[in-house]
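The values are calculated or read from the model by the stated rules, or taken from the named source; none is laboratory data. Since the structure is predicted, the reported quantities are computational estimates derived from the model, not experimental observations. Here the Cβ positions follow ideal geometry from the backbone for every residue, glycine too, while neighbour counts run over all protein chains shown. Only protein heavy atoms, including side chains, enter the accessible area calculation; ligands, DNA and RNA are left aside. Shrake-Rupley method; radii C 1.70, N 1.55, O 1.52, S 1.80 Å.
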Amino acid sequence: DFAGYVYGLLAQPEYTKRFADELASKEVRVPLTKDGSVFSKVSNFGKELIWLHTYGERLNDATHPKGKIPHGAARCTKAVSDAEDRYPNEFRYTENTKTLHVGDGEFAPVSFAVWKFEVSGLKVVQSWLGYRMKDRSGKKSSPLDGIRPRTWTRDFTSELLELLWVLERTVAGYEKQKQLLEA
């Protein structure tokens, strides 16, 4: 329960904002509550986040089945070409239509909050896509990094949708997390 409590408080922008000075000195402090009801609410919320952020691999139960990420709003509205000569090498986001363009494919609706979502400065969606472009970006640790598919795969589309859904649900929970932190 304590792991859920800690994750429920610390995995949100409001915590980082409120305790910026303490975090700048690298001193992470977990505010504790004496209220058992508040502790339980924060812990339950944190456990759901752990389940979500591990793509259903941790903390499974009847309402959080193993490996089953709930669908969000984002859909593949135009398939990314699977032709070898059209393997995507670029992606972009159009804010007014809430559309993520991947090569000749499109995913929508994708909120700006999901598009700009970052963890410790890493822009999650952009990083995920960068690793999967024809001319791969990101850290290369061995020659094995050069072994890549020659086409955009259905698995890439499914994985991207799951990532977008996880981030949708994460961002949607920020207000509740903020209220729990205040409590």
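Numbers at a glance
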quantity	calculated
Those residues of region 19-48 which are open to solvent by 50 Å² or more (accessible area, probe 1.4 Å), touching a residue at least 12 places away in the same chain (Cβ under 8 Å) and either within 27 Å of Phe107 (Cβ to Cβ) or in contact with an Asp or Glu (Cβ under 7 Å, 6 or more places away or on another chain) (or both), in sequence order	Glu48
Leading residue by the ranking (modelled with the lowest pLDDT) among those in region 113-124 that are touching an Asp or Glu at 6+ places or on another chain (Cβ under 9 Å) and closer than 18 Å to Glu90 by Cα	Val124
Whichever residue in region 49-65 is in a helix (DSSP H, G or I) and in contact (Cβ under 8 Å) with a residue 60 or more places away in the chain and, among such residues, is farthest from the chain's Cα centre (by Cα)	Leu49
Subset of region 1-38 (residues that are assigned to a loop (DSSP other than H, G, I, E, B) and among the basic types (Lys, Arg))	Lys26, Arg29, Lys34
Which numbered condition Lys116 misses (of (1) open to solvent by 70 Å² or more (accessible area, probe 1.4 Å); (2) in contact with a His (Cβ under 9 Å, 6 or more places away or on another chain))	(2)
Criterion violated by Lys68 - all others in (1) assigned to a strand (DSSP E or B); (2) without any contact (Cβ under 8 Å) to a residue 24 or more places away in the chain; (3) of a type outside the set (A, V, I, L, M, F, W, C) satisfied	(1)
Counted residues, region 96-130 - those being assigned to a strand (DSSP E or B), of a type in the set (Val, Ile, Thr) and under 16 Å from the mean Cα position of the chain (by Cα)	1
Residue within region 80-95 that is under 23 Å from Glu14 (Cα atoms) and crowded, with 17+ Cβ neighbours inside 10 Å present	no
Qualifying residue in region 140-151 (condition: within 21 Å of Phe39 (Cα to Cα), outside any helix (DSSP H, G or I) and open to solvent by less than 60 Å² (accessible area, probe 1.4 Å))	no
Residue in region 80-99 that is closer than 30 Å to Leu181 by Cβ and in contact (Cβ under 8 Å) with a residue 40 or more places away in the chain present	no
Selection count where residues are closer than 16 Å to Glu162 by Cα and either of a type in the set (S, T, N, Q) or without any contact (Cβ under 8 Å) to a residue 24 or more places away in the chain (or both), scope region 102-122	2
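Each row is one residue, and each column tells you yes or no for (1) in contact with a strand residue (DSSP E or B) (Cβ under 6 Å, 6 or more places away or on another chain); (2) under 27 Å from Trp51 (Cα atoms).
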{"site": "Glu95", "(1), (2)": "no, no"}
{"site": "His101", "(1), (2)": "yes, no"}
{"site": "Ala108", "(1), (2)": "yes, yes"}
{"site": "Phe112", "(1), (2)": "no, yes"}
{"site": "Leu181", "(1), (2)": "no, yes"}
